[in-house]
Amino acid sequence: MEKSDHIQGILKNLPDKPGCYIMKDNQGRIIYVGKAINLRNRVRSYFHAQPEWDAKTRQMVEQIADIEWIIVGSELEALILEMNLIKLNRPHYNIRLKDDKHYPYIKVRWGDAFPKVIVTRELVKDGSRYFGPYTSVWAVHQTLDAIRRIFPYLTCDREITGQDPRPCLYFDIKLCAGPCIGVIQGAEYRQMIDDLCQFLEGRSEDIIKRMNTEMEHASKTLHYEKAAALRDQIQAIERVVQRQKVFSADQVDSDVIAMAKADNEACVQVFFIRSGRLIGREYFVLEGTEEKPDQEVLTQFIKQYYDEAISVPPQVMLPSEIEEANIIQQWLQAKRNGAKTEIIVPHVGLSRELVQMASENAVDTLQSLRNQWHSDRHRQSEALAELQKSLFLVNPPNRIECYDISNIQGTAAVASMVVFEQGVPNKKHYRHFDIKTVDGPDDFASMEEVLNRRFRRWRSAHELNAPGKKADPSFSMLPDLVIVDGGKGQLSRAVKVLEQYELGDKIPLAGLAKQNEEVFLPGRSHSVMLPRHSPSLYLVQRIRDEAHRFAIRAHRNKRSKLGLVSRLDSIPGIGPSRRKALIKRFGSLEGIRSASIDELSSLPGITKELAGRIKDLIELVE
């Protein structure tokens, strides 16, 4: 792969030590963070194309303009540093937990004389106890609403002296234990909050035993009101515990993790098994998972999740092995102050059933999340209305077509056309095009060819008069908006095509640049920035990502069909004579793959630039 002098200089000076590497684009933005036992070997490998690389990795490598590194003392230190750098910079090409904000936690302010229970997104080392993370504030409040009926903790801002003349309303409705009027003393109140913490951890048996003892004592000493209150607490706890399914008699604490993927989205489900009971579950959505293997997605989730999690159980169950299991296990044990932690992949028995159940839940959750967009008609209408306003459209864009080009240095070039109607993908109208008239990696010309063919089909569909002929519905309708994946270059070619078909004033056009999510419009010098987190931006990103996914799939299918010799023929600059010379000199594609740039360029008509192109493409042959 061709490298700039700057990159070549960096690669020569990389150390043979563990650490993290930070890759930047030509604008200085961090696009990827990784770790390595040997920085020199790992970073240099990016500049030798690998057959197993996905299109996203190749795209990333093409954007690398600078590389920095940080040396550390061990692989464990590298893992911790990598997680911190990813969390701080959220690089585009790293797999990341989807939210760009901190997850909510339940915080028990244990340092207070009368500890309060609050919701927070910040973890502060102030002696407080934390529980979480949860995926939504709503889920946290639902949990607290249930817990408060069992453990009526303090919520007001009064200074607690026990001498107040009257309590607040919460005491009257049994949602506060009344420390302000001395109904409960400091030590007893702290015991209740400690019970609350144990309950959140799924440890209820000891609480119930102690409460039963206290209830019997209260009854014997004729404190019937207190005995009745304890009885009600015990019954409330038991009702919750009865709903928690028992999975293990040996009372092992485990987290069960499983994952589901669909297109560009991944959902991870975590089951929390405490004292052998399923006490809860949470799901997490990840981004940047496009074309990444399940093993890599699962590895990145585990690192990022447990970096945020308050507690680590002694056992983590997974559906499959992960590459970094040993070093992650060391890290988890360090988080547990040296206590043993196991990462296991169960193959039989109840543990395997648990993993399968988590997998099924992950699939269901992901499907539900994907269906939300389809079912939420109001949000779709809002997104289309926002798009209409932001892009200065006359009408809402009810039919949107998006086009993307996929190739490797001009070979196996294909384009995708995806269609969204009323904000929802209409996959029956998706089409892909093999690029036929463009030689070499020219995305501008490829975009022009594709749009020409698409609107030529539209014109032909409306000229069909012969009986029995039927137009392709994908092309017979005109879109309300055309989005081309790219900046001003692709947009200018799209403008040219629409003018050729006298559609320039009928179909709005937009070009979407990947880096800053800028939208370019014809005739406007400044780009449009759709509001961050807005429904309109989410819709445009989703359409663009779908076009990219569909193009990559078509490109991969086409590339896999190319024979070994036809792969040589498909390289721009290689004709029958040069192909024959290469085969004659090196005997096979394996021989060509092993040859150096100098050896290849020694043949007549093959320059060093062409030799480099040959090397890059031959290494992609599987």
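Readers should treat all values here as calculations from the given coordinates under stated rules, not as data from a laboratory. Computed from a prediction, not measured in an experiment: that's the story for all the values here. All Cβ positions, even for glycine, are placed from backbone atoms using ideal geometry, and neighbour counts span all protein chains on display.
Just a few scattered comments:
- Here mean projected area of the Cα convex hull in nm² was calculated from the structure, and among [x] 55.2; [y] 37.6; [z] 35.5 it sits at label [y].
- Fully extending the segment from Q163 to E599, taken as 0.36 nm per residue of separation minus the present Cα-Cα distance, adds 147.7 nm.
- Alpha-carbon spread of the stretch 284-367, three principal axes, descending order, Å: 39, 33, 23
- Rounded to the nearest 20 debye, the dipole size of the stretch 5-94 about its Cα centre is 80 debye, using +1 on the Cβ of Lys and Arg and -1 on the Cβ of Asp and Glu.
- Hz values of 3J(HN,Hα) by residue in the stretch 453-462 - Karplus curve (6.51, -1.76, 1.60), Gly and Pro given as x: 5, 5, 7, 5, 5, 4, 5, 5, 4, 8
- Degrees between helix 608-618 axis and first principal axis of the chain (Cα, 0 to 90, nearest 10): 50
- On the beta carbon distance between I181 and L88, with R0 = 41 Å, the FRET formula returns roughly 0.30.
- A65 long-range amide H proximity, modeled H, under 5 Å: K24, D25, N26
- Charge dipole (debye, nearest 20) of the stretch 477-559; +1 at Cβ of Lys and Arg, -1 at Cβ of Asp and Glu: 500
- Packing order of peptides 576-586, 28-38, highest average first: 28-38, 576-586 (average count of other Cβ atoms within 10 Å over each peptide's residues).
- Taking the stretch 65-108 and a reference point 7 angstrom along Cα→Cβ of V124, the backbone N atoms nearer than 19 Å belong to 102-108.
- Test item: Cα-centred dipole of the chain, Lys/Arg +1 and Asp/Glu -1 on Cβ, debye: 1180
- For the stretch 125-191 and the stretch 60-111, distance of Cα centres in Å: 36
- Listed pairs K125/K335; K56/K436; K17/K56; K17/K608; K292/K488; K428/K488 exceeding 21 Å between Cα atoms: K56/K436; K17/K56; K17/K608; K292/K488; K428/K488
- Label-point separation in nm, L222 to R585, each point 7 Å along Cα→Cβ: 10.9
- The angle between the Cα long axis of helix 137-150 and the longest principal axis of the Cα atoms of the chain comes to about 20 degrees, rounded to the nearest 10.
- Ordered from longest to shortest, the equivalent ellipsoid semi-axes for the stretch 380-560 are 24, 21, 16 Å, each the square root of 5 times a Cα gyration tensor eigenvalue.
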